[in-house]
Structure formats: C-alpha cells, structure tokens
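The values are calculated or read from the model by the stated rules, or taken from the named source; none is laboratory data. These numbers were taken from a predicted model, which means no experiment stands behind them. FYI the Cβ positions are ideal-geometry reconstructions off the backbone, even for glycines, and counts take in every protein chain you see.
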Amino acid sequence: MHPDNEALIVIDMQNDFCPGGALAVEDGDAIVPGINALMDDFTCVVLTQDWHPAGHSSFASQHAGKAPFETVEMPYGTQVLWPDHCVQGSEGATFHRDLRIDAGQLIIRKGFRAGIDSYSAFFENDQTTPTGLDGYLRSRGVTRLTLVGLATDFCVQYSALDAARLGFAVTLRDDLCRGIDLDGSLDAARHAMRAAGVEISA
Ligand code: VGL
Ligand code: ZN
C-alpha cells in the first residue's frame, strides 16, 4: 500500500481508445487488468474521461479539407485533428467495461468546451484553463502521483508534464500505458517526460 500522500491517476481508459474504438490505441485494452490490480495499492484513485461535445473543434470532420492526424492552427496553438471520438454520452466515451470504475473516487472530465481541446488532466490545451484536479489533490494532501492509461504520447504525457510543473513527484508506469505514436511522438514524449523529472518505470 502506498502512503496517503500518493494518488493513482488513470487517464482516459475509454472504449474509443481501445481496439474497435474511433481512435483506437494498439493494445489499449491490454492494460486494464494491471490498472485494476494497481488500484488496490492507493488510497486516492482518480479517473479522467475525455468528454467532447458533438462537433468538437479537435475533430477533423469540423475542418473542411482536413483529414484526421493533420494539424490546424488554433488561437491557443497547433492542434492535431482527430477522428470524432469520446462524444459525451456515447458508447465510445464510456469507460472500458472491465475497468474498475467504482474504485475511482473522482472522475475528471475534460475537453468539454467546443473550442478548445484538453489532453492534460490539469489544464486545457491553452495551458492556463484549469480542470480543478490540482486543487482536489492538494486538498487531499497528495504530493506524489502515479500515472497510467491512454495515450502515452498525448493525454498521459501532457498530464505528466503539467503535474511535474505543478510540483508533484510523478511516476509513469510505462507498462500500464499505450501510445498512438504519430511521427515519433512516443519517443519524443518519453524524452520530454524524463527531461521534466518524471520517473518512467517498468
Ligand atoms: C487523447 C487524442 C485526443 C488521449 C484524447 O486520451 O490521449 N488523444 N483526445
Ligand atoms: Zn479527445
């Protein structure tokens, strides 16, 4: 059992990121049993849920002439365009059926504003609009985080970097994450996380 100042943050273990989903991550479902087992080791367990309105601005379908995985310039910077995914209330936005959802004490939903994407569990992609997770963790006395989930090079990476920047000690269980890997983004993510002081284990 980890001490009470440690939290497990489970990122986006949703159907659309698992095989058969709209933005499937290879083997994304393979990490569910390991994450479930790890939940028993933490007194604080938080789940995040990618939660977009239909027609979200991160969807390629909203940008004429653009295909998924191309980029577009948004007021807050460069944004990768995705297939429609994790639409609020859809089956794709639902957590994987085998995930121990009941063990999650807080579910942080993100990406619910039509005009801005949110990879990180802490800040939207403008890097200033907070989700509230920082305050929740601090008021519970949490100082150390273990991150698992999907996808290593997007939502997990952004969450890890923000957490480190906010002063949390961060461990990434790489064996309990899976990546999308666009043009080497997985290697780049591991490099950036290490540079930020994130401990990458297993
Ligand atoms: C994610 C792309 C778009 C993720 C979410 O969970 O990593 N990636 N929305
Ligand atoms: Zn998304």
Does residue 98 satisfy the criteria of being in contact (Cβ under 8 Å) with a residue 40 or more places away in the chain, over 15 Å from residue 28 (Cβ atoms) and not in a strand (DSSP E or B)? no
Tally of residues being under 22 Å from residue 123 (Cβ atoms), within 15 Å of ligand 1 (Cβ to nearest atom) and surrounded by fewer than 19 Cβ atoms within 10 Å (Cβ to Cβ) across the stretch 44-75: 5
Among the residues of the stretch 85-109, which ones are of a type in the set (Ser, Thr, Tyr) and either surrounded by 16 or more Cβ atoms within 10 Å (Cβ to Cβ) or modelled with pLDDT under 95 (or both)? 90
Pairs with Cβ under 6 Å, 6+ apart, first in the stretch 50-72 and in contact (Cβ under 8 Å) with a residue 60 or more places away in the chain and hydrophobic (A, V, I, L, M, F, W, C), second part of a loop (DSSP other than H, G, I, E, B) and within 13 Å of ligand 2 (Cβ to nearest atom): 51/88; 51/111; 51/112
Taking strands (runs of 3 or more DSSP E) that fall entirely within the stretch 1-77, which contain at least 2 residues that are touching an Asp or Glu at 6+ places or on another chain (Cβ under 8 Å) and of a type outside the set (A, V, I, L, M)? 44-50
Evaluate the following for residue 84: is it under 21 Å from residue 31 (Cβ atoms), touching a residue at least 12 places away in the same chain (Cβ under 8 Å) and part of a loop (DSSP other than H, G, I, E, B)? no
Of everything in the stretch 110-139 that's of a type in the set (Gly, Ala, Ser) and not in a loop (DSSP other than H, G, I, E, B), which residue is surrounded by the most Cβ atoms within 10 Å (Cβ to Cβ)? 135
What pairs come up if the first residue lies in the stretch 21-32 and is free of Cβ contacts under 8 Å to residues at least 60 places away in the same chain and under 16 Å from residue 182 (Cα atoms), the second is within 12 Å of ligand 2 (Cβ to nearest atom) and of a type in the set (Phe, Trp, Tyr), and their beta carbons are under 7 Å apart, counting only those six or more places apart or on different chains? 24/17
